[in-house]
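A short worksheet on the structure shown next.
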Amino acid sequence: MFNFLLIVFVLTMIMPSYGEEIPKTNSSMHVTISIQPPNVGTPFDPSEIHIIPNSTVTWINNDNVTHTVTSGNPQQGADGKFDSGLLKPGKEFSYTFAEIGTFNYYCQVHHAMKVVIVNVNAVPEFLVVPFILVISVIITLMIASTKLQNKI
């Protein structure tokens, strides 16, 4: 019974509550996305990013024509979260993502230029797997300890 209570206590202390607001910290990220001519490769490069809340993404128009960076998608239109307006060649637009979620954006001038890229997570994804592994090891050791105690 003690081991069960210990497991519950440890999990309660280290696992974030689902839906709980994440306290704001001073840490953030800054990511730059290049808008490129279609013949160079992916129009928005990188085409997918993962960031933490309060991080800023800057789009730089490295093409020789005007584009936009507009949240939403061509089928349903702009959703009003962010919009660069017309972004002439060489110009840039930045937006800070305060909310957790996945954000679509596209170019209103060239509807074929669309992406689902900005994935804002409370915990950076590169930390999730080690976190799960540590929890698994702790639980496995506790179960093994209980079985060993029962045999003695």
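Where a number appears in this text, it was derived from the coordinates with a stated rule and is not lab data. Here the structure is a predicted model, which means the values were calculated and not measured. Positions of Cβ are generated from backbone atoms using ideal geometry, with glycine treated the same way; all protein chains shown enter the neighbour counts.
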Response to the item:
HN-Hα couplings for the stretch 86-103 via Karplus (6.51, -1.76, 1.60; θ = phi - 60°), in whole Hz with x for Gly/Pro, come out as 6, 10, 6, x, x, 8, 9, 9, 10, 9, 9, 8, 8, 8, 7, x, 10, 10
Worksheet, complete the sentence: In nm, the gap between the two label points placed 7 Å beyond Cα toward Cβ at VAL65 and LYS81 is 2.6
Response to the item:
Taking a ≥ b ≥ c as the square roots of the Cα gyration tensor eigenvalues, with a/c under 1.5 meaning rounded and otherwise prolate when a/b beats b/c or oblate if not, the stretch 28-84 comes out oblate
Fill in: Label-point gap, in nm, between LYS91 and VAL40 - each point 7 angstrom along Cα→Cβ
1.8
